[in-house]
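Here is the structure we will look at, set down as structure tokens.
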């Protein structure tokens, strides 16, 4: 908080809490909703609120209304006014020969200037900002006048251009200054303020242990070549884990199929021979990572799987423990200096914190890595990296060949032929329904309504949904034997179905673009030619058409921001639904970069001063 000592501090604190203001720049960015311009008009502009110096020439009362004829001294013009809500005060001040500064909207009626309900001002020559807040105008204005000063803004790390812009916002000298406001400077201040606040929230703890096992033998044993991005992220993690003075806190965000599992295994190898733990949101995901670990990790690394009702290996002595939230209920879980969470946003904040806390040793914390397949715009990643280190994996180990098409009822017979063609090639098809049971509110068939058609027409049709207790068993059996899987978005994240080459999303316009991208990511996992059909009643839907042309998840996240105020972005550690008045996360990457560099320069100069 930026409050100063002295009288009225507690009162000011209460006012800031009411406004949800926690930094001086929050207050500086509190934009006036309008301005009351009391400067004398230099010209007469019909349709605008204007202020004139005038004398009263005539006054008459007609049907309870006060009709006044003014003479505008500067323009040698007459202007007539009518006061509809007349009080004794009006009759007292508007007398023939009296002098006024009048303000109101100027109209032209039959070549005569008119102004309804004019105000007589005591003082002119100022532009007064008006603020729409929960506070009284006088309270907010006194806060602004006390805190938003040139010296305070420079002390926040702003430069002349930004200081001048913010002062012009709250203390304008002309309406032209407001109309020509430097929007780029305001965008910068928003980004700068947001990142400064995040940096202030970040806490550092000493690590339980430094981890720096050599990875050369592991890399040489892999049956594939890691991408440059995978190598870069592993290098970043390696630098994190070798630091004993600071427990790592990093999130790795990779597009669908970008090879995050290889990064997870590399992190476990950096920790070896010390222990590491990975928590995954579903049994299926945990099993997949366990299978990969057994296949790719050196034989001397003992791996265990911990799930409800099913475990593999001895977790109390294992080097790398993989499990679901069942891990949280194991009282004899060994201490591990590295904790990892896959698809972190699928867990509650408490669940994630619980695993970290279980491993903590007093003040010392485990190194903590999170993984997510929900891409976010680069601008957001840059900003959020002030709170948690962020690594992006934007390319896949092999090029996916997926054709995305928007279709409707008229394309259905052709769709059936395409489905049969894929099944004939031993490939699999996934059909996503918007809901399980019939609903009058949604103009599409439900899973229950549609399943009969597919089961009659095709063999080996499997069905599952979110409330299905056996969904993971169904998915495992489908992977081995099935032709068609009918499901809801339960399959959105993480399952590997190597033979899946076609997905049909029913009522696609009802889903967020990030969700659609996750669903599309289920197909073509091994580079097979694949298709994603977006079935809709509105084939001209611009959002779907744009999605169909955009293969990259990071570009999808950017696209999502263009179509709505905030995309399907991460919750939990990464803040969701950030709202900015001027800054555009989809377009203003360069501004965010400059703000970030200035914050980092400020931090390094502080460190040098302290040294």
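When residue 253 is tested against the conditions (1) touching a strand residue (DSSP E or B) at 6+ places or on another chain (Cβ under 9 Å); (2) farther than 23 Å from residue 328 by Cβ; (3) part of a helix (DSSP H, G or I), the lone failure is (3).
Taking the residues in region 200-221 that are outside any helix (DSSP H, G or I) and over 21 Å from residue 274 (Cα atoms) as candidates, determine which candidate is nearest to the chain's Cα centre (by Cα). Within region 200-221, the match that is nearest to the chain's Cα centre (by Cα) is 202.
Go through the residues of region 280-296 one by one and say whether even a single one is closer than 21 Å to residue 388 by Cα and in contact with a strand residue (DSSP E or B) (Cβ under 6 Å, 6 or more places away or on another chain). Yes, there is a match, as at least one residue in region 280-296 is closer than 21 Å to residue 388 by Cα and in contact with a strand residue (DSSP E or B) (Cβ under 6 Å, 6 or more places away or on another chain). Each residue in region 142-168 was checked for being surrounded by 14 or more Cβ atoms within 10 Å (Cβ to Cβ) and more than 13 Å from residue 25 (Cα to Cα), and 3 of them qualify. Applying the criterion of at least 1 residues that are over 32 Å from the mean Cα position of the chain (by Cα) to the helices (runs of 4 or more DSSP H) found wholly in region 133-193 leaves 137-147, 150-155, 175-179. In region 393-420, which residues are more than 28 Å from the chain's Cα centre (by Cα) and farther than 14 Å from residue 523 by Cβ? Passing the criteria: 407, 408, 409, 410, 411, 412, 413, 414, 415, 416, 417, 420.
Take the conditions on the phi < 0 side of the Ramachandran plot, outside the structural domain of residue 282 (by TED's automatic domain parsing), in contact with a helix residue (DSSP H, G or I) (Cβ under 9 Å, 6 or more places away or on another chain) and in a helix (DSSP H, G or I) and apply them to residue 416. Does it pass? Spelling it out, residue 416 is indeed on the phi < 0 side of the Ramachandran plot, outside the structural domain of residue 282 (by TED's automatic domain parsing), in contact with a helix residue (DSSP H, G or I) (Cβ under 9 Å, 6 or more places away or on another chain) and in a helix (DSSP H, G or I). For region 447-479, the tally of residues that are modelled with pLDDT under 85 and farther than 22 Å from residue 500 by Cα stands at 2. Filter region 580-599 down to residues that are out of contact with any helix residue (DSSP H, G or I) (no Cβ under 6 Å at 6 or more places or on another chain) and in a helix (DSSP H, G or I), then give me how many there are. So the count comes out to 5. Every condition in (1) assigned to a loop (DSSP other than H, G, I, E, B); (2) more than 30 Å from residue 425 (Cα to Cα); (3) in contact with a helix residue (DSSP H, G or I) (Cβ under 9 Å, 6 or more places away or on another chain) holds for residue 522 except the one numbered (2).
Looking only at residues that are modelled with pLDDT of 90 or more and assigned to a helix (DSSP H, G or I) in region 327-345, which one is nearest to residue 263 (Cα to Cα)? Top of the filtered list is 327.
Selection of first residues in region 197-226 that are in contact (Cβ under 8 Å) with a residue 60 or more places away in the chain and outside the structural domain of residue 367 (by TED's automatic domain parsing) and of second residues that are in a helix (DSSP H, G or I) and exposed (fewer than 14 other Cβ atoms within 10 Å of the Cβ), restricted to Cβ pairs under 6 Å at least 6 apart or on distinct chains, gives an empty result.
Quick check, is residue 538 in contact (Cβ under 8 Å) with a residue 12 or more places away in the chain and buried (at least 20 other Cβ atoms within 10 Å of the Cβ)? It is false that residue 538 is in contact (Cβ under 8 Å) with a residue 12 or more places away in the chain and buried (at least 20 other Cβ atoms within 10 Å of the Cβ).
For region 421-430, taking the residues that are within 23 Å of residue 465 (Cβ to Cβ) and in a helix (DSSP H, G or I), the one that is nearest to the chain's Cα centre (by Cα) is identified as 422.
For residue 348, state whether it is on the phi > 0 side of the Ramachandran plot and either in contact with a helix residue (DSSP H, G or I) (Cβ under 7 Å, 6 or more places away or on another chain) or at pLDDT below 90 (or both). Can you show your working first?
Numbers: on the phi > 0 side of the Ramachandran plot: no; either in contact with a helix residue (DSSP H, G or I) (Cβ under 7 Å, 6 or more places away or on another chain) or at pLDDT below 90 (or both): yes.
The answer is no for residue 348.
Within the option set 294, 287, being modelled with pLDDT of 95 or more, assigned to a helix (DSSP H, G or I) and farther than 24 Å from residue 210 by Cβ holds for one residue only, 294.
Mind counting the residues in region 216-235 that are under 16 Å from residue 268 (Cβ atoms) and crowded, with 16+ Cβ neighbours inside 10 Å? Number of matching residues: 5.
The values are calculated or read from the model by the stated rules, or taken from the named source; none is laboratory data. Note that the coordinates shown come from a computational prediction; the quantities given were computed from them, not determined experimentally. Neighbour counts run over all protein chains shown; Cβ positions are idealised from the backbone, glycine included.
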